[in-house]
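Here's the structure we're looking at; comments come further down.
The values are calculated or read from the model by the stated rules, or taken from the named source; none is laboratory data. Here the structure is a predicted model, which is why all the values come from computation and not from measurement. So basically every Cβ, Gly included, is an ideal-geometry build from the backbone, and we count neighbours across all protein chains shown. Side chains are part of the model used for accessible areas, which takes the heavy atoms of the whole protein and leaves out ligands, DNA and RNA. Shrake-Rupley method; radii C 1.70, N 1.55, O 1.52, S 1.80 Å.
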Amino acid sequence: MTPCSSYCRRLHEELRMAKTDDCVHILQGLLVFGNVVIGMCGIALTAECIYFVSNPHDLYPLLKATENSDIYAAAWIGIFVGLALFALSILGIIGVIKASRTLLLVYIILMLITFAFEMASCITAATHQDSLTPELFLKQMLERYQKSEPANNSDNEITKTWDELMLQNHCCGVLGPSDWQNYTSVFRRTHSDADYPWPRMCCVLDAQGFPVSLDGCKLGVPGYYNSNGCYDAISGPVSTHAWGVAWFGFAILCWTVST
C-alpha cells in the first residue's frame, strides 16, 4: 500500500467519523429542543389547570351538588402532569447532553407513567363535560334553591351561588323564568306565585340592589325582569376550560410521542 493511498484512507475514515459526530450533535439538539417545548407546555398546562380549579366563575358548588365534579379531578391531574412534564423535560435534557443511558431509561419510564395520567385527565375532561345538561342543573335548582335547612351549609352555598349567578349574568333560572312556574320546587312551596313568581334576583335591579319596578317584575313586563336562562353562563365557562384541559393535554401527548 502506497503512502498516498494510506493517507487517503485515513482521511476518508476521519471524514466519516466527523460526519457521524455531526449527525449525533444534530440529533441531540433536536431532542433538547423537543424537551424544552415539553417543559414549556407543562408549565402552561399547570397554569391553565390551576386557573380552572381556582373557581374563577364560582361554579364549583353547583358542579359539586350535581355529583359530577370529575372535571375538577381532571384539572387536578393536569396540574400534576404539567409539573411532571416540566421536571422530566429537565431530566431529559440532562440525559441527552450527558448521553447517559441510565438517565434516559428513567426518563422514558417516568414519561410513560405521566403519559398514562394525562390520558386519564383528557378522557375524564372530554367525557364528563358533555354530561352537564340543562336538566341536571334544573333538578338541582328546583330541589335545593332556598331550601330551609339552616344546618345544611351545602344548600345555603347553592342558594348563594345561584343568587350571584343570576345577579352577575342578568339571567333567571336555568332555561328562563318559566322554570319557577312550570315545575314544582322548594322555592314555590314557600313563596306564593302572586308575590314571588320567581326570585327577586330575576328582577332588573338598580344601583342600590332594589328592583327597578317590583310590580313590573312580578307581571313579567319586558325590561323589568331578566328573561334569559343561566345555562349558558354555567356551561360556557365549564365547557371552555374542560376542552382546554382535554385538547391541550392531548396536543402535549402528541408532541411527546413525536419527540
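Quick test of your reading of the structure: G176 fulfils all but one of (1) touching an Asp or Glu at 6+ places or on another chain (Cβ under 9 Å); (2) open to solvent by less than 40 Å² (accessible area, probe 1.4 Å). Name the failing condition by number.
Only one criterion is unmet by G176, namely (1).
Please identify the pairs in which a residue from the stretch 157-170 that is buried (at least 16 other Cβ atoms within 10 Å of the Cβ) has its Cβ atom under 6 Å from the Cβ atom of a residue that is basic (K, R), counting only partners at least 6 apart or on another chain.
Between residues of the stretch 157-170 that are buried (at least 16 other Cβ atoms within 10 Å of the Cβ) and residues that are basic (K, R), the close pairs are I158/R144.
Within the stretch 203-225, can you find the residues that are among the charged types (D, E, K, R) and touching a residue at least 24 places away in the same chain (Cβ under 8 Å)?
K218
Test I38 against the criterion of being more than 20 Å from E118 (Cβ to Cβ) and either assigned by the TED database to the domain that holds S100 or at pLDDT 70 or above (or both), and give yes or no. Steps first, answer last, please.
Working: more than 20 Å from E118 (Cβ to Cβ): no; either assigned by the TED database to the domain that holds S100 or at pLDDT 70 or above (or both): yes.
Considered against the rule, which asks whether it is more than 20 Å from E118 (Cβ to Cβ) and either assigned by the TED database to the domain that holds S100 or at pLDDT 70 or above (or both), I38 comes out as no.
Just checking: which of the helices (runs of 4 or more DSSP H) contained wholly in the stretch 184-259 hold 3 or more residues that are surrounded by fewer than 18 Cβ atoms within 10 Å (Cβ to Cβ) and hydroxyl-bearing (S, T, Y)? Show your work before the answer.
Details: elements: 186-190, 214-219, 231-258.
Helices (runs of 4 or more DSSP H) meeting the threshold: 231-258.
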